[in-house]
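Each remark here refers to the structure printed beneath this line.
Only the coordinates and a few stated rules stand behind these numbers; no lab work does. Since this is a predicted model, take the numbers as computed values, not measurements. Because the Cβ atoms are built from the backbone with ideal geometry, glycine has one as well, and the counts that use them run over all protein chains shown.
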Amino acid sequence: MTGTNISKDTASTWRTALTRGAPVIVPLGLLALILYAVGTDDILDRIRSVAPVWVVAAFLAAQAQIVLSALRWQVTARHLGITFSFSRALAEYYLSGAVNMTLPGGVLGDGLRAVRSRQTMGLEPAAHAVVIERLAGQVALVAVLALGLLLSGRPGLQAAGGLLLGLMIVALFVLPRSRRGISWPAFPGGIGRFIVSVKIAWGGRRNAVLQVVLGVLIVTANLASFAFVAAATGLYLNVLQVLFAVPLVLLAMLLPFSVAGWGYREGAAAAVFPMIGATAAEGVGASILFGAVILVANVPGLFVFKSRQRRDRRAAEPDTKQAVE
């Protein structure tokens, strides 16, 4: 092998390693840079002196969000013809959350949830149910952000909030009417079928009301969890501050090349919290503690995974014995 070939192989190996490692390397590097810029002393002091009562409250709020999200997924899937019990929905949601919290990308757990729920109707409807449920959460968070911008008292931010809210209203009412099972002609194929699934999942007055109620409860639990961890570090946020700052911080977790939003979330907190009268260190400290709380809140997913493994092994044992006989 020539030196040129060796150098090419080495370069290819490095490129592959960097590509695969980027979702971990980038957020960790960003987090280290933020801690260096903000200063670690104040952050560590706040984290070391957290109030346990507020941490427990944040954990319970995170649990409420998971339980309600599992219910929303079950309701959404049922309207698409996929039925399973709430206990299974909750178990799968915990497992999905545990995977999302520990592996790069933040969506691998959702993909696993779609695959594991595909038995009755196939993979596409199962994937639609998962995506629609996650989409509902992001829509609710953006709606809260729009409200926070409108109530910010700053003309520029109020204009942005009005524009954002207007775009959301247009998106809701411009969606053409289509009957069940018929794709939207403007978007043929998979996109059209997905739009039809959205209309089925969110259609009907009673179902729409249920989806809105669940959306409000889930986003409230999410915001409350962050507000509680902020209080645990000594930073008490009022309602207007929560409505404006917290959605921006949480939406930063959706950026790619990340593990559970680490790095991006802290960067957003460092940038946004000074706009509500807090310091960057206060925002970063609250964000780090929030990341730890939601990670622990999804720990039951690991027990669900082990329980499923044992159950699958027990179910496979009779088949193995019959094959041997």
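Data table
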item	result
Kirkwood Rh in Å, taken over region 41-117 so that all alpha-carbon pairs contribute	14.3 Å
Neighbourhood charge, 14 Å Cβ-Cβ cut-off, centred on Ala136 and excluding it, Lys, Arg +1 and Asp, Glu -1	+1
Residue order, fewest to most surrounding Cβ atoms within 10 angstrom, among Met253, Met275, Met101	Met275, Met253, Met101
Shape category assigned to region 54-166 from the gyration tensor of Cα positions, a/c cut at 1.5	prolate
Overall Cα dimensions of region 26-299 - principal axes, largest extent first, Å	58, 43, 33
Neighbour cut-off at most 12 other Cβ (10 Å), DSSP loop, chymotrypsin sites (Phe, Trp or Tyr not before Pro), region 204-304	Tyr236
